[in-house]
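A short write-up of the structure that comes next.
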């Protein structure tokens, strides 16, 4: 995820390919029910710290956040690190808190390690909202907004289980052993696979660094040690891209299935070419818009419009789907 991407606009609409989940408390109430007029007497500033910069998912989330913030007369200060790591994220959060924004929105790289830095804002009376990833202790958080990682993981497992005919060996890749989204995706995938497809063997999870090259290196190592691997499942954006590169280099493209997460421009290109088999796409722009709306509601005292826990639905997109113009609405911005 620490690489530059081309960008395309994202929209969210329902689809038969999606696994529909029940959205907590009306899924952020579609903040359209809250104040959205552009004429405001006072200007507010939001600080947003993503999990990592240069990532299509976070770029799309940011675009949705900025659009909503502007409609509410607010501005967004965006600062982050290219590395998905609490050691790199902590000083950035602390620096943003020192600037005393009206609200902090953050995608924590670790649910426990990031708590002290985030508490710096909370202790200073600055409201905090989390998007995508979250914290273990959410008691002081205004709102925790994410997508249905459990549903998405299950969808990926069912897709691969059926595609493999209930037999084979799947290698698992993840960005982090602690980030909430990563844990939930791997756990739900594993639970569904074991329950519904007991004939499929799952290899131990391998954790990668942010760069695609790290996922490629690990995928090559796995294939060398386990030549009988029939599929890969990756819970983070670089995983599927790195696996695709490894399969291409080793002449295994099309022979070994590659299912991942997110729908950034590089992944979509690989999806259309058949190098990636399927992805789980998230409504990133809506996450950002909800966060901006709830931040405004908290700042201005309209707390009745805030949903404290939000889970938006994900959608599974296959290579065939990606070639259908209707699915371009799910792709992240270029």
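The values are calculated or read from the model by the stated rules, or taken from the named source; none is laboratory data. None of the values given here were measured: they were computed from a predicted structure. When we count neighbours, we look across all protein chains shown, and the Cβ atoms used for this are built from the backbone with ideal geometry, even at glycine.
For the stretch 298-334, which residues satisfy the criterion of being part of a loop (DSSP other than H, G, I, E, B) and surrounded by fewer than 18 Cβ atoms within 10 Å (Cβ to Cβ)?
Initial filter on the stretch 298-334 (part of a loop (DSSP other than H, G, I, E, B)): 301-302, 306-308, 313-314, 323-324, 331-334.
Of everything in the stretch 298-334, those that are part of a loop (DSSP other than H, G, I, E, B) and surrounded by fewer than 18 Cβ atoms within 10 Å (Cβ to Cβ) turn out to be 301, 302, 308, 323, 324, 334.
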Please name all residue pairs, on different chains or six or more residues apart, with Cβ atoms under 8 Å, provided the first residue is in the stretch 94-108 and is in contact (Cβ under 8 Å) with a residue 12 or more places away in the chain and the second residue is surrounded by fewer than 14 Cβ atoms within 10 Å (Cβ to Cβ).
-> 96/77; 97/124; 99/77; 100/124; 101/77
Which condition does residue 57 not pass, out of (1) in contact (Cβ under 8 Å) with a residue 40 or more places away in the chain; (2) within 24 Å of residue 124 (Cα to Cα), if it passes all the others?
-> (2)
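Residue-by-condition table, conditions (1) part of a helix (DSSP H, G or I); (2) in the same structural domain as residue 68 (by TED's automatic domain parsing); (3) surrounded by fewer than 21 Cβ atoms within 10 Å (Cβ to Cβ); (4) within 22 Å of the chain's Cα centre (by Cα):
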| position | (1), (2), (3), (4) |
| --- | --- |
| 268 | yes, no, no, yes |
| 276 | no, no, no, yes |
| 290 | yes, yes, no, yes |
| 293 | yes, yes, no, yes |
| 296 | yes, yes, no, no |
Applying the selection to the stretch 223-244, what residues are assigned to a helix (DSSP H, G or I) and closer than 22 Å to residue 191 by Cα?
-> 237, 239, 240
Here are some conditions: (1) modelled with pLDDT of 95 or more; (2) under 23 Å from residue 147 (Cα atoms); (3) outside any helix (DSSP H, G or I). Residue 198 meets all but one. Which one does it not meet?
-> (2)
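Look through 87, 133 and report the one residue that is closer than 30 Å to residue 203 by Cα, assigned by TED's automatic domain parsing to the domain that holds residue 54 and in a helix (DSSP H, G or I). Spell out how you get there, then give the answer.
Working: 133 fails: in a helix (DSSP H, G or I).
The match here is 87.
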Count - residues of the stretch 114-165 that are in contact with a helix residue (DSSP H, G or I) (Cβ under 7 Å, 6 or more places away or on another chain) and surrounded by fewer than 17 Cβ atoms within 10 Å (Cβ to Cβ) = 3
Failed criterion for residue 117 (all others in (1) assigned to a helix (DSSP H, G or I); (2) assigned by TED's automatic domain parsing to the domain that holds residue 262 hold) | (2)
